[in-house]
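Notes for the one structure printed next.
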Amino acid sequence: EGFFAMTNRVTIRDVARYADVSMSTVSQILNGKASRFSNDTRQKVLYARDALGYVPDFNARNLITNSVKTIGVIVPDIGNPFFSTFIKSIELLAMEQNCISLILSSNDNQELERKHLEQLINRSIDGIIIASPSIGQAEIDNQLKKNHIPYLLIDQNPIADGDRVMTDDFNGAELAVNHLAQLGHRKIAMIMAKKPSDNLKRRFFGYKQALNSNGLEFDEKLVISTEMSKIGGMNAANKLIQTDATAVLTVNDEVAIGLYHGLNLLGKNVPDDYSVVGYDNIDLDEYLAPPLTSISQPVHELGATVFKKLIERIKNPDLPQTEIMLPVKLVKRNSTKKLS
Ligand code: RIB
């Protein structure tokens, strides 16, 4: 945009101002998506384009001719192995379907997430997959719906208004606690995320429910809140050893990796002193000492389901809203053992 302004080339912003519509509207109408708008809006934009002599830049023309679809993906943290694996599955599927994927990581920065969303819309994106918690109803109403942008909600995003593909967080925690209870553990702690998103809260509720269904008492002193990170897990070790827990469920695998390190620094052993169950079943788990028992979210199935549903929505915006819940499973390794 800056370069073209310097050369006094007519820009999409000029056309938008002249037609008194948003840049996203101009971009979509000039990129083969005019059917999303009223005839009046279409005429205004085409008249402005001709009056100003606007010529789309190569990229825009390429998008029209090749009709390559562009899918946006917004995740809270691209560095987290769960999200990076999810993104890889989306990118692979996009390439197979002659689509390109634009990946945006907000690092849990709400303002940045909103800016990302605006940028994606201004590039007349064909559809958006939203895993982040801070894109709320207002953004969905005022940015996505208003611009007729197909979207799909997953994971940490709490909004029910739109297509959703979830994994069974509640049952995931139940599977973990049932496994530890079957090994004889009576004092089972949970290391939880501070300010948890709704899906993470469902893991906590599943933990509580499973304690109850195994005849174990819920003790809030056994719930430790920490940053959902390796450092957060390491710091939680100091609190864990002050409890009478013999086993622990962590909200995700990165917290478990940090917990391993923290316990080792305190001279504690996994699983002799603490049986540990993680969550996500990331690739690293098999290479830990001892290999980590974890709850597997079907990340590749999630990617395939999400991509398929979004393409269906792009092709037919009027489809009824759907919610899909994918099952999770316990993957037993050597970080859990019978209570001695
Ligand atoms: O590891 C990141 C966690 O946050 C995953 O469990 C994923 O479900 C997301 O919510």
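Within segment 159-258, the GluC sites (Glu not before Pro) that combine a DSSP coil assignment with at most 14 other C-beta atoms in a 10 angstrom radius are Glu217.
Over the chain, all Cα pairs binned in 10 Å intervals from 0 give whole-percent P(r) values of 5, 24, 27, 19, 13, 8, 4, 1, 0, listed from short to long. Summed over the residues of the chain and divided among them, the accessible surface reaches 47 Å² per residue at a probe radius of 1.4 Å. Kirkwood radius and radius of gyration were both taken over the C-alpha atoms of segment 172-291, and their ratio Rg/Rh is 0.92. Computed on the chain, with alpha-carbon pairs under 8 angstrom and 6+ residues apart, the relative contact order is 15 percent. For segment 59-189, the alpha carbon convex hull comes to 133 Å³ per residue, rounded to a whole number.
Say a site is exposed when it is one of the trypsin sites (Lys or Arg not before Pro), sits in a DSSP loop, and has at most 14 other Cβ atoms within 10 Å; what is then the longest site-free stretch of the chain? Longest site-free region, per DSSP loop and neighbour criteria: 195-331.
On the accessible surface of the chain, probed at 1.4 Å, how many percent belong to carbon and sulfur atoms? Summing carbon and sulfur atoms, their accessible area is 52 percent of the total for the chain. Relative contact order, percent, of segment 148-304 when contacts are C-alpha pairs under 8 Å separated by at least 6 residues? Relative contact order, segment 148-304: 21 percent.
The values are calculated or read from the model by the stated rules, or taken from the named source; none is laboratory data. The structure presented is a predicted model; accordingly, all values stated were derived computationally and were not measured. Quick reminder, even Gly has a Cβ in these numbers, built from the backbone with ideal geometry, and neighbours come from all protein chains shown. Areas reflect the complete protein model, heavy atoms only, side chains present, ligands, DNA and RNA absent. Shrake-Rupley method; radii C 1.70, N 1.55, O 1.52, S 1.80 Å.
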